[in-house]
Amino acid sequence: MSAPTYPTEKCRSCPAEIIWAVTERGKRMPVDAEPAAGGNVQLVEQHGQLTAVVVPAKRAFGRTTLRKSHLMTCPQANEWRRR
């Protein structure tokens, strides 16, 4: 089963393609466009909005459609973190 595709844009700090989603708490979250081994973010469309749901490690094992938060993979992530 392949992962669904969503609109992407380039990260403003690196050449990676990202997807913008909203966390379950309503905060914007950049997510890597491609699913990755070790990913723990599931993208779900809820109420017309793309939501990033963090999957606990015991439920993420072996799943191939999960992505990583781009704040975990971007080499310039510290510049974008809120203090």
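Read-outs: derived from the displayed coordinates by stated rules, not from any lab. Because the structure is predicted, anything quoted here is derived from the model rather than measured. Virtual Cβ from ideal backbone geometry, glycine too; neighbours counted across all protein chains shown.
DSSP loop GluC sites (Glu not before Pro) in the range 1-43 with at most 12 other Cβ atoms within 10 Å of their Cβ, which ones? Please report the intermediate quantities before stating the final value.
Numbers: sites: Glu9, Glu17, Glu24; in loops: Glu24.
Taking the range 1-43 and a limit of 12 other Cβ atoms within 10 Å, the loop GluC sites (Glu not before Pro) found are Glu24.
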Worksheet, complete the sentence: Amide H neighbours of Val55 at under 5 Å, excluding residues fewer than 5 places away on the same chain, with H built from the backbone geometry, are Val41, Gln42
Item to complete: Of the listed values (1) 50, 22, 16; (2) 39, 29, 23; (3) 33, 28, 24, grab the one calculated as Cα extents along the principal axes in Å from the structure here.
Response: (3)
Worksheet, complete the sentence: If every Lys and Arg gets +1 and every Asp and Glu gets -1 at its Cβ, then about the Cα centre the chain yields a dipole, in debye to the nearest 20, of 400
Discussion item. Amide H of Ala16 versus every other amide H placed in the peptide plane: which residues, excluding those fewer than 5 positions away on the same chain, fall under 5 Å?
Written reply: Cys11
Worksheet entry | Top of Thr51, Thr65, Thr73 by mean-square fluctuation, Gaussian network on the chain, Cα under 10 Å | Thr73
Worksheet item: HN-Hα J couplings of the range 18-35 from phi, Karplus 6.51/-1.76/1.60, θ = phi - 60°, integer Hz, Gly and Pro as x?
Response: 10, 10, 8, 9, 10, 6, 5, 9, x, 9, 5, 9, x, 10, 4, 5, 9, x
Response to the item:
antiparallel share of DSSP beta bridges within the chain, to nearest 5, in %, is 90
Worksheet entry | Calculated from backbone phi, Karplus (6.51, -1.76, 1.60) coupling profile of the range 42-51 in Hz, x at Gly/Pro | 9, 8, 9, 8, 10, 6, x, 10, 7, 10
Item to complete: Apply the Karplus parameterisation 6.51 cos²θ - 1.76 cosθ + 1.60, with θ equal to phi minus 60°, to every residue of the range 52-62 and state each ³J(HN,Hα) to the nearest whole Hz, in sequence, with x for glycine and proline.
Response: 9, 10, 7, 9, x, 3, 5, 9, 8, 3, x
Worksheet entry | Relative contact order (%) - criterion: Cα under 8 Å, at least six apart; region: the range 5-83 | 28
